[in-house]
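Undergrad: Input: one structure, supplied below.
The values are calculated or read from the model by the stated rules, or taken from the named source; none is laboratory data. Remember, predicted model here, so these are calculated numbers, not experimental data. Cβ placement follows ideal geometry from the backbone for every residue including glycine, while neighbour counts extend to all protein chains displayed. In case anyone asks, the SASA skips ligands and DNA or RNA and just uses the protein heavy atoms, side chains included. Shrake-Rupley method; radii C 1.70, N 1.55, O 1.52, S 1.80 Å.
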Amino acid sequence: MGIDWAWLGAGPSVGQSCEVDNEDVNDVNFDGPQVPRAVCVCTCVCDEVWLTPPQSFSLSSGFEPGAAPSADSPFLDPQVLPSLPCSLSTYCLSPPPPGQFWCWDVFSKRVSSTFYIPGMANHENGLTALPQTPSPPPLPPPPAGFLCLCTENVLVFVLGITILGVCHYTLTVKGSHLAVHGALTESKRWSKIWLLFFVEVCTAFTAEHAKHGHVKMHHAYTNVVGLGDSSTWRLPCLNRYVYMFLAPLLIPIITPLVAVERLRKVELRTALRTLGLISLGLYSHYWLLLNVSGFKSPSSALACMLLTRSLLAHPYLHVNIFQHIGLPMFSRDNKPRRIHLMSMGVLNLPRLPVLDWAFGHSIISCHVEHHLFPRLSDNMCLKVKPVVSRFLHEKQLPYNEDSYLARFRLFLHRYEEFMVQAPPITELVGLP
């Protein structure tokens, strides 16, 4: 029956029964003044429905199941009721003080064909449940990832971490990347809304700097030294093992700190908006862990936030360096035409199910196509991939492809050359 609020009104006298003809109690229609709200409680052993306030539950010991109670029926301790088995559950109403209103709740799923109206002190008539407008539909259940964290089962808990981590990177990498390029919608207004949601609320970064750094610099000057050469990913102070294995774990912490530092260069209004949206995203994640997943302490909730937000941090960092660094670099004054720039300076990785889902085809297996057509959606990049590959091969232009593991081994072996030393400049001879 669910939560089923109804109005109370003057009804039959004490002990009088009312036939409902097997209809739901919501279909019963009584006339009477509107007084306190209530709903009926259906018992499990007999076909009666008793009006019972949740704070004044009482077990009637003055009659047997099937007999109507009276106003002076003796009552047991209300605290006993929650522990009683269903076979003993015949409830009746404790009389409230005059003038007080009680809200009542539903405690059974079965509605019977007969219900009795218990008497109330200081009232001549009993109370009858009247119909009201249907209750609103229930709220959707919380996401499965947060619910999995409620359990003490280790495997289910790990499953929850995995679900939240993959969903987080789907929003922060795939969603943000497409939003920055305006590939989610043709509407400029909605493009702005999605950009703020994915970049600032979900990723905890600044939308303006994300768009400027990725679209206006990285895509406009791909592999041009000093502009779009992915140098922001270089940290010469770290050795290869710290950078490749430990540094990715700090990305969830470093990202909002870098965003706050860059707010010094924007207008006050923009800075306040960004701070508000970043705070909203971080606090929402924290609040859900406390109130839905049931974490008992702030420290455990924060640790879980860090764990879920760094779940795919290693492939995120690796993919960003594998697909550009180590390929030909060009000077700004002597860079080739765009088709040569993109074919030589961009690399595709093979399709990987988890990374394809969380990062998107345009970042993993269709990165060359994405750099040639940056506003295409993920699905369209995947569809034009055979056409682009065939075209580049026909024109005898490079179409770079390599596996994740091969690039990982290459970067470990040539880390100093790729990530510490200045990249060599490639000069193309004989090209217009």
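Undergrad: Under 16 Å from a point 7 Å along the Cα-to-Cβ line of Val354: which residues of region 304-326 have their amide N that close?
TA: 307-319
Undergrad: Now for a different question. I'd like the FRET efficiency for Leu290 and Gln421, computed as 1/(1 + (r/R0)^6) with the beta carbon distance as r and R0 of 56 Å, rounded to 0.05.
TA: Computed FRET efficiency for Leu290 and Gln421: 0.75.
Undergrad: Suppose accessible area is computed on protein heavy atoms with a 1.4 Å probe; arrange Trp233, Trp194, Trp287, Trp357 from highest to lowest.
TA: Largest accessible area first, the residues go Trp357, Trp287, Trp194, Trp233.
Undergrad: Please state the shape class of region 130-284: rounded when a/c is under 1.5, otherwise prolate if a/b exceeds b/c and oblate if not, all from the C-alpha gyration tensor. Don't skip to the end; give the middle numbers.
TA: Details: a/c = 2.28, a/b = 1.42, b/c = 1.61.
Here region 130-284 falls in the oblate category.
Undergrad: Related question: Calculate what fraction, in whole %, of the accessible area of region 319-369 sits on carbon and sulfur atoms when a 1.4 Å probe is rolled over the protein chains.
TA: Of the solvent-accessible surface of region 319-369, carbon and sulfur hold 56 percent.
Undergrad: Once R0 is set to 30 Å, what does the formula 1/(1 + (r/R0)^6) return for the Cβ-Cβ distance between Ser389 and Leu307, expressed as a FRET efficiency to the nearest 0.05?
TA: E(calc), rounded to 0.05, equals 0.20.
Undergrad: Working out 0.36 nm times the residue gap between Leu412 and Asn379, then minus their Cα-Cα distance, what length gain in nm do you get to one decimal? Each step should come with its number before you reach the end.
TA: On the way: separation 33, 0.36 × 33 = 11.88 nm, distance 3.27 nm.
Taking 0.36 nm per residue and subtracting the Cα distance, the gain is 8.6 nm.
Undergrad: Set the bar at 19 Å for Cα to Cα. Now go through Lys188/Lys211; Lys216/Lys335; Lys216/Lys265; Lys174/Lys211; Lys211/Lys385; Lys192/Lys216 and name every pair that lies beyond it. Mind showing how you got there, number by number?
TA: Values: Lys188/Lys211 14 Å; Lys216/Lys335 16 Å; Lys216/Lys265 17 Å; Lys174/Lys211 14 Å; Lys211/Lys385 25 Å; Lys192/Lys216 16 Å.
The pairs that break the limit, which is 19 Å between Cα atoms, are Lys211/Lys385.
Undergrad: Restricting to DSSP loop positions (anything but H, G, I, E, B) with no more than 10 other Cβ atoms inside 10 Å of their own Cβ, which trypsin sites (Lys or Arg not before Pro) remain in region 201-296?
TA: Lys296
Undergrad: What residues have an amide H closer than 5 Å to that of Asn400, excluding those fewer than 5 places away on the same chain, when H is modeled at 1.01 Å from N in the peptide plane?
TA: The answer is Asn348.
Undergrad: Let me ask something else about it. What ranking do 153-166, 400-413, 363-376 get when scored by the average of other Cβ atoms within 10 Å per residue, highest first?
TA: Listed from highest to lowest mean packing, they are 363-376, 153-166, 400-413.
Undergrad: Classify region 144-420 as rounded, prolate or oblate from the Cα gyration tensor: take a ≥ b ≥ c as the square roots of its eigenvalues, call it rounded if a/c is under 1.5, otherwise prolate when a/b beats b/c and oblate if not.
TA: Prolate is the answer for region 144-420, as a/c is 1.5 or above and a/b outweighs b/c.
Undergrad: Please compute the per residue accessible area over region 263-340 with all protein chains in place, 1.4 Å probe, rounded to a whole number of Å².
TA: On a per-residue basis, region 263-340 sits at 53 Å².
Undergrad: Using alpha carbon centroids, what distance separates region 153-192 and region 240-279, in Å?
TA: 18
Undergrad: Let me ask you something else. Each residue of region 265-281 in turn: what ³J(HN,Hα) in whole Hz from Karplus with 6.51, -1.76, 1.60 and θ = phi - 60°, glycine and Pro shown as x?
TA: My calculation for region 265-281 gives 9, 10, 5, 4, 4, 5, 5, 5, 4, 5, 4, x, 6, 5, 4, 4, x Hz in order.
Undergrad: Could you work out how much longer the chain between Val158 and Val215 gets when fully extended? Use 0.36 nm per residue separation minus the Cα distance between them, nm to one decimal. Walk me through the intermediate numbers first.
TA: On the way: separation 57, 0.36 × 57 = 20.52 nm, distance 3.63 nm.
Once the chain is fully extended between Val158 and Val215, it gains 16.9 nm.
Undergrad: A further question follows. Determine which residues of region 185-202 fall in the zone a paramagnetic label at Ser279 would reach in this model, i.e. backbone nitrogen under 18 Å from the point 7 Å along Cα→Cβ.
TA: Counting only backbone N, you get 197, 200-202.
Undergrad: Now a separate question. Length gain on complete extension for the stretch Arg269 to Leu246, per 0.36 nm per residue less the alpha carbon to alpha carbon distance?
TA: That works out to 4.7 nm of additional length.
Undergrad: Label points 7 Å out from Cα along the Cβ direction at Ile253 and Arg189: separation in nm?
TA: The two pseudo-label positions are separated by 4.3 nm.
Undergrad: How charged is the neighbourhood of Leu349? Take every other residue with its Cβ under 12 Å from the Cβ of Leu349, and add Lys/Arg as +1 and Asp/Glu as -1.
TA: Summing Lys and Arg as +1 and Asp and Glu as -1 gives -1.
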